[in-house]
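So the structure is just underneath, and the comments pick up after that.
The values are calculated or read from the model by the stated rules, or taken from the named source; none is laboratory data. Model, not experiment: these values are computed from the prediction. FYI the Cβ positions are ideal-geometry reconstructions off the backbone, even for glycines, and counts take in every protein chain you see.
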Amino acid sequence: MRYLLLFISFCGFSQEVFKPLEQRKEFQPLKIERNLKADGYLDESDWQNAPSVKIDFQVEPFQGKKASFNSTVKLLYNQQFLYVAAILRDSVGKNAYRAPNLKRDYEFVENDLFGIAIDGFNDRRNALVLQSNAYGAQRDLLAFDDRQFDIDWDGLYRVRTHRSDSSWVAEFAIPWQTLRYPKTDGNKAQDWGINFFRVRRSSNELSVWSPHPRSMSPLRMDYAGKLAGIIPPPPTATNIRFIPYLLQVSNRTNGTEIGNLATNNFKLGGEIKWAISPTTVMDFTFNTDFAQADVDRQVNNISRFSVFFPERRQFFLENASLFSTGLAPVDQVIGGSMYIQPFFSRTIGLDQNVNPIAITAGSRFVYRSEQRNLGGIFMRQGEGDGDPFTNFFVGRYSENFGKQNRIGAIVTTKSSPLVVLSTGAVDAFVRFNDKFSFSGMGTLTQDSRTGDQGVAEYSQFLYNANFFRAYWTQTLVTEKYNPAMGFVSRRDILSNSQGFDFNVRGKWLPSFIRSWGPGIYTEVYHSLKTGKIIEQRALSGPLWFDLQNGGIIGGYVEASAQNLEDTFSPVGIKINPGSYSYFRKGFLLASDPSAKYSGSTEYGWGGFFNGSMQTIDSKFRLAPIPHVNLGLSWNWSKFENMGVARETKEVNLVILETRMAINPRLQLIGFYQKNTSDDLNSMNLRLSWEYQPLSYVYLVFNTLNYKGSDNTSQKQQSFLAKLSYLKQF
């Protein structure tokens, strides 16, 4: 024990998780009468008189040290807007600020950025987050307990930036309708939770105004400071956002299976968002369209798990965290591989082959408060999957108790004239202290036609400190568990997954290395039907280093044992039932992801069932300026002497992405992918112009070519033009 304590001290364990400040930092903004122009120049006299605070607490790389460069934040407000200005000192030069591209909701770790986290209800749990990089690209999200995130929520606000050789400036104008706060008559002052943070990317440094430990993010609002004495206006009588759209679509198909057709369709639809109160929002949608949504990335699945494809459609992304209760990996290794989600929105509006089905209309109700959250979704889908129509309903309730604990329930029904498929679940989250938490769920499904019932449950303990993190996850899924509106990785299993890793830091490490992160992760799966072990694996990364510039140098080893009870055919190679054990090795090299030229390569080799497999997963990106971005991904797998026929087979998946931007609001995006496993290649070109906040013009061209079951070519082409307009009442 003595030597363990010495090792911990030697590795810098003294930078521990600390408690929130007993006396919260305070910031009182100044009220003004006139409107300001958010242009990034701060040349109005009001800004000279505005109160200010400093972002000076360094979280990364040296917790507790003073930030390397001065960062000043100023606040003003009037009856229409909350104004925030950040003056961020730097010495890199006006053309050297990091921003690989100008897309909205860019990657946090790749940009010079400034962010604001606002807890309007001062409940120390919810955060509304607005960010800008040095070129004015926006990133916004909603967060709850620093555990659940609505990354794709889009707030209505304006931000402009100005860059010079000594600093960059971000100026925000945030309408009160975008913010969430308690009811007011416009005369009584309120206190909000707030924090400001900055990423200085050239030194890969995170600094904040109100301190928090590095094992957390600036969105842990129990560590936030206080915005004191602000007097927001009372909510408007309506606060309705109307977003109609016009759409013209031309489709052409050519193939023995899909036919030779040419169609032209005109469509009118839209959405209405009614903020009934600061805590309650009602959404309506009719003739819902997702034609401009991002394209799914192809995957060659060689595991025994179903692939989880993320939701990409904007209507379902907003407030997704309220409805997305369930189990998912915390990151690539922590938490295990299982997904158990009673509700997954991709089950709506897509058939079994992931082709769109028309959504006639729908609504969503969301109520969020300090004590509880309540939500409901109703959608009506047109003809598809053999049903003339299908109705979808989701109901969600959660109650907050204690400091940061929650218990809740969710119910879903998918009903058509032929069948009603229901799912119910009860879940809980308990944070025992700042480092240790528990989450769990029990869920039941029922099929009205067959009478089948299924059960699933999970429990997960997670310990997350600065120096050490560990988890234990246990799951059970019966064979007949079928969440018709949800997702589950695999059925008929009882699983256990445990793991831990370290975050070792110290002056004894080379200067280019930020931390050493050795870890061990295990998974064991039993069949509920037979009680036998059907899969077990252990993964260890004894040499895993995070670099100061954000890159990675890592090596790992993996031992697996597979007991197949049925035939398994990854990428078409047939493997008979039986027992197989094998050992694999691999390494990962990744450069600074914010650099003008960046890349990563992961190479793995070793056994795979009764043969061997080599894999390469490489990504390269050229971003000479933020306005031009070219990305190339290559996934290669070679199987040797494998399967019943002792086959040797190579599979390639190539993805090419381009993004050219005049500014953050006018961009041309290209996406091409080719998969040799099924002779599929597709291309997507999209011109996006945000001509005013959250109002868009889209021009989109899609092509898809693949080999049908009769080995002949099937071709699809489409072109669409879409105009949407946001009107706030």
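Laid out as a table, the results:
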| item | result |
| --- | --- |
| Among (1) among the basic types (Lys, Arg); (2) crowded, with 18+ Cβ neighbours inside 10 Å; (3) over 27 Å from the mean Cα position of the chain (by Cα); (4) modelled with pLDDT under 95 - the single one Arg584 does not satisfy | (4) |
| Scope segment 248-266; condition within 29 Å of Ser724 (Cβ to Cβ) and hydrophobic (A, V, I, L, M, F, W, C); matching residues | Val249, Leu261, Ala262, Phe266 |
| Residue check for Lys727: in contact with an Asp or Glu (Cβ under 7 Å, 6 or more places away or on another chain) and of a type in the set (D, E, K, R) | no |
| Check on Pro593, touching a residue at least 24 places away in the same chain (Cβ under 8 Å), out of contact with any helix residue (DSSP H, G or I) (no Cβ under 6 Å at 6 or more places or on another chain) and buried (at least 16 other Cβ atoms within 10 Å of the Cβ) | no |
| Test: residue in segment 596-612 that is over 25 Å from Trp544 (Cα atoms) and assigned to a strand (DSSP E or B) | yes |
| Subset of segment 380-423 that is of a type in the set (Asp, Glu) and in a loop (DSSP other than H, G, I, E, B) - its residue that is farthest from the chain's Cα centre (by Cα) | Glu383 |
| Candidates Gly643, Gly670, Gly578, Gly572, filtered to the one that is buried (at least 19 other Cβ atoms within 10 Å of the Cβ), more than 25 Å from Val199 (Cβ to Cβ), at pLDDT below 95 and among the small types (Gly, Ala, Ser) | Gly643 |
| Selection count where residues are under 34 Å from the mean Cα position of the chain (by Cα) and either touching a residue at least 60 places away in the same chain (Cβ under 8 Å) or under 29 Å from Gly708 (Cβ atoms) (or both), scope segment 254-269 | 2 |
| Residue within segment 486-499 that is within 30 Å of Arg201 (Cα to Cα) and touching a residue at least 12 places away in the same chain (Cβ under 8 Å) present | no |
| Selection count where residues are in a loop (DSSP other than H, G, I, E, B) and either at pLDDT 90 or above or not β-branched (Val, Ile, Thr) (or both), scope segment 267-290 | 3 |
| Some residue of segment 146-155 being at pLDDT below 90, assigned to a strand (DSSP E or B) and closer than 27 Å to Ser598 by Cβ | yes |
| Any hit, segment 403-420, residues being of a type in the set (Ser, Thr, Tyr), closer than 30 Å to Pro213 by Cβ, crowded, with 16+ Cβ neighbours inside 10 Å and in contact (Cβ under 8 Å) with a residue 24 or more places away in the chain | no |
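Every residue, every condition in (1) of a type in the set (S, T, N, Q); (2) part of a loop (DSSP other than H, G, I, E, B); (3) buried (at least 16 other Cβ atoms within 10 Å of the Cβ), yes or no:
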{"site": "Ala262", "(1), (2), (3)": "no, no, no"}
{"site": "Asn265", "(1), (2), (3)": "yes, no, no"}
{"site": "Asn301", "(1), (2), (3)": "yes, yes, no"}
{"site": "Leu322", "(1), (2), (3)": "no, no, yes"}
